[in-house]
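Contents: one structure, followed by commentary.
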Amino acid sequence: MFANLFNTFNKNPQAYTPFTLKPLPSKALIDRGDAALETPWPVLTATDYLDFTRTGNRVRFEKKYFDRRHLLNDLVMAEIASREEKYLDAIINGLWSICEESGWQLPSHNSHIRNTPQLPLPNPIQPVLDLFACETGAQLALVYMLLGESLGGEITDRILYEINHRIITPYLTKHFWWMGSGDEPMMNWTPWCTQNALICVAITPQSDKTRRQICEKAAYSLDCFVKDYGDDGCCDEGAKYYGHAALCLYVSMEMLNGMTDNHFAPLYQEPKIRNMADFIRQMHVVDNYYINFADCPPLLDPPGVLAYLFGKRTRNPDLAAFAAVGCNPISTDLSLYTRLAAIISADEIAMHHKNPTPPQDIFFPSVGLMIARDDRFCLAVKAGDNDDNHNHNDTGSFTLYMDGKPFIVDVGVGTYTKDTFSDQRYSIWTMQSAFHNLPTFSGIMQAPGADYKATDVEFTTMPERTCLSMNIAKAYPKEAGVERYFRTVCLERGRGVIITDEYTGEHPVVLSLMLKSKPDIDGQILTMEGKGKIICDKATNIDVEHISITDPLLHKVWSDSLYRVLIGFDRKLQAVIVA
């Protein structure tokens with residue numbers, strides 16, 4: 001797709017300035033800049049970097065690292081709003097400090113080969129191109145574009161040296177896993193790093209040869225990324241990663257278009273690209289709630305300006321209207337590109353008054369995800385397998401919203417640590433099938449990997465109901481002794497939700513249901529504190545466990561508590577959920 005199209009471009013890609021600045025709204029930007037002037041610049045030490053290797057903690061270093069970049073963004077936006085040179089010295093100090101960092105890659109990403117142990121400290125002679133090294137390069141390139149003359153030759157020379165040394169040269173001379181290699185699976189790293197490499201080469205002085213080589217390599221990488229999506233456009237990493245996957249693809253396309261006189265514009269009308277763009281609208285429930293699975297929380301910020309612009313490019317007025325509602329012109333995004341896009345598009349978005357068409361029932365066969373809706377319920381059911389990017393062992397699980405509030409939930413993921421992306425991943429409770437809405441057999445849970453999957457998947461929809469059925473026996477290891485576990489989940493419009501589980505196997509079965517509210521139990525009926533009932537026909541026993549939420553990220557979503565209902569049954573269970 002991308003590489004073949006680039007091969008038909010017979011000219012040299014040209015330098016490209018992605019934004020034409022105009023007078024910007026100033027007060028909010030200047031207020032943030034003034035606050036940044038009063039904020040001490042975070043100091044990063046070698047032992048800060050070593051903290052990840054020594055303790056597994058990611059947060060302590062990353063907070064200082066990201067605070068530096070947010071402060072620089074605030075100062076730069078205030079400077080271009082005021083043009084008073086009030087912020088220049090602080091900007092110069094910030095730029096110099098970032099240029100002096102021994103490595104721009106995060107400690108948790110400090111390795112040259114995929115899935116190998118991280119080096120304790122960065123090696124300045126051998127830069128690693130991770131997500132945030134590339135993001136930092138793009139940030140400095142954009143500052144160069146915006147303020148180059150004001151900064152002075154010594155500073156701009158240093159910026160250009162660091163971009164060439166840390167981004168351009170390693171991009172051209174080394175192969176990092178996210179660049180793609182044949183059928184090797186990719187993920188959000190590919191478009192995220194690629195967009196920022198393209199920003200760097202588009203807006204800094206580079207030779208025709210360098211610009212062409214980077215565009216050619218970027219086009220290949222984008223093909224490697226897009227190949228892993230089904231034609232339905234579903235992101236197997238979940239809605240959280242839409243901003244780091246599909247929207248980074250959009251920025252990559254914009255940069256390629258800008259350097260090639262819109263040579264890549266026809267790709268915006270490719271069905272797969274259009275579906276990838278619209279995915280976030282399909283996942284929306286209400287307000288800031290989204291259908292979630294894998295390492296995705298249910299509460300997300302609105303998709304923002306890039307989704308609006310992607311909607312325009314793909315000629316999808318519903319996506320543009322949906323994204324326009326949540327656009328904040330004074331973005332606080334880490335990406336300076338996104339901040340600039342938000343402020344420059346603010347007037348246009350403010351005039352966008354079209355209401356989006358509500359999403360309809362949908363099935364994404366590439367991931368096995370069904371979403372069904374009526375006036376009271378929003379139901380999501382996931383078949384698929386346990387080999388998703390950012391995978392949780394959740395094959396066959398479902399989530400349910402009632403009147404726009406979480407009812408039966410997917411917990412999401414806690415704060416990342418060294419264990420999160422290691423062989424200890426599935427020792428973390430939030431990753432385990434026993435803490436999704438799934439059965440367990442004498443304590444034996446689902447296993448990770450592509451072999452552990454749903455079979456006999458069937459999606460049906462008609463005016464009165466929408467259903468997904470599957471056999472999830474193969475999602476469990478042999479020792480679970482599951483011969484057959486057939487699950488059917490239906491939204492009966494105007495009536496409720498019916499889950500029917502039929503089981504044949506060696507071991508006793510217990511079904512877990514993860515609830516936001518504490519239920520009262522009366523025989524086979526669970527009644528929530530607010531409203532809603534779950535009627536468990538043929539349950540042999542029902543217990544409730546309280547789960548204290550102490551992780552900071554989970555606490556933001558669920559506050560102090562969640563509840564796990566454990567339902568025992570023999571061969572068949574039918575759970576009817578009514579409002």
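The values are calculated or read from the model by the stated rules, or taken from the named source; none is laboratory data. In this text, all values refer to a predicted model and were calculated from it rather than measured experimentally. Every residue, glycine among them, receives a Cβ derived from its backbone with ideal geometry; neighbour counts consider all protein chains shown. Surface accessibility is based on the protein's heavy atoms, side chains included, excluding ligands, DNA and RNA. Shrake-Rupley method; radii C 1.70, N 1.55, O 1.52, S 1.80 Å.
Brief remarks on what is shown
- Rounded accessible area of Thr540 (nearest 10 Å², 1.4 Å probe): 80 Å²
- Under DSSP loop assignment and at most 10 Cβ neighbours within 10 Å, longest GluC sites (Glu not before Pro)-free interval of the chain: 85-579
- Given charges at beta-carbon only (K, R positive; D, E negative), |dipole| of region 424-551 in Debye: 320 debye
- J(HN,Hα) series, region 471-486, from Karplus relation 6.51 cos²θ - 1.76 cosθ + 1.60, nearest Hz, glycine and proline x: 9, 9, 4, 6, 7, 10, x, 4, 5, 6, x, 8, 7, 7, 9, 9
- Note on region 458-522 and region 63-78: Cα centroid distance 47 Å, given to the nearest whole angstrom.
- About the centre of its Cα atoms, region 485-569 shows a dipole size close to 380 debye [charges on the beta carbon of Lys, Arg (+1) and Asp, Glu (-1) only; nearest 20 debye].
- Phi-derived couplings, Karplus 6.51 cos²θ - 1.76 cosθ + 1.60 at θ = phi - 60°, listed residue by residue for region 332-345: 10, 4, 4, 6, 5, 4, 5, 4, 5, 4, 5, 6, 6, 8 Hz, with x used for Gly and Pro.
- Think of it as helices only: each DSSP H run of n ≥ 4 in the chain is worth -39500 (n - 2.57), and spread over all residues that comes to -10500 deg cm²/dmol at 222 nm.
- Angle between the chain longest axis and helix 131-151 axis [Cα atoms, degrees, rounded to 10]: 30 degrees
- Once the Cα atoms are used to define both axes, helix 88-100 deviates from the longest principal axis of the chain by about 70 degrees.
- When the surface is traced with a 1.4 Å probe over the full set of protein chains, Ile343 keeps roughly 0 Å² accessible.
- At full extension, Lys86 and Lys27 could sit 19.8 nm farther apart than now, given 0.36 nm per residue minus the alpha carbon distance.
- Under 20 Å from a label point set 7 Å out along the Cα-to-Cβ vector of Glu149, the amide N atoms of region 11-50 belong to 15-24.
- Note on region 536-579 and region 311-366: Cα centroid distance 36 Å, given to the nearest whole angstrom.
- Residue among Ile408, Gly56, Asn275 farthest towards the positive dipole end of the chain, charges placed on Cβ: Asn275
- Potential lengthening between Ile330 and Gln360 on full extension [0.36 nm per residue; Cα-Cα distance subtracted]: 7.6 nm
- Qualifying trypsin sites (Lys or Arg not before Pro) for region 193-269 [loop in DSSP, other Cβ within 10 Å: at most 16]: Lys227
- The portion of the accessible surface of region 1-120 made up by carbon and sulfur, rounded to a whole percent, is 53 (1.4 Å probe; DNA, RNA and ligands excluded).
- Charge dipole of the chain (Cα centre as origin; +1 on each Lys and Arg Cβ, -1 on each Asp and Glu Cβ, all else neutral): 480 debye, rounded to the nearest 20.
- Cα long-axis angle, helix 208-226 against the chain (0 to 90 degrees, to the nearest 10): 0 degrees
- Toward the positive end of the charge dipole of the chain, with +1 on the Cβ of Lys and Arg and -1 on the Cβ of Asp and Glu, the farthest Cα among Ala265, Leu71, Val285 is that of Ala265.
- Of the trypsin sites (Lys or Arg not before Pro) in region 96-174, those whose Cβ has at most 11 other Cβ within 10 Å and which sit in DSSP loop: Arg114
- Computed E for Thr460/Glu545 - FRET, C-beta separation, R0 30 angstrom, nearest 0.05: 0.30
- Length gained on full extension, Thr527 to Ile113, computed as 0.36 nm times the residue gap minus the Cα-Cα distance: 143.9 nm.
- Residue-normalised accessible area of the chain, given per residue in Å² at a 1.4 Å probe: 40 Å²
- Farthest positive-ward along the chain dipole, Cα basis, beta-carbon charges - from Ile542, Leu515, Pro365: Pro365
- Cross-link reach list, aspartates and glutamates versus Lys538, counting only Cα pairs under 17 Å and skipping chain neighbours closer than eight places: Asp501, Glu502, Asp522, Asp570
- Flagged links, alpha-carbon separation over 20 Å, of Lys518/Lys572; Lys22/Lys240; Lys474/Lys572; Lys382/Lys418; Lys354/Lys382: Lys518/Lys572; Lys22/Lys240; Lys382/Lys418; Lys354/Lys382
- Portion, in percent, of the accessible area of region 205-352 that falls on carbon or sulfur, probe 1.4 Å: 49 percent
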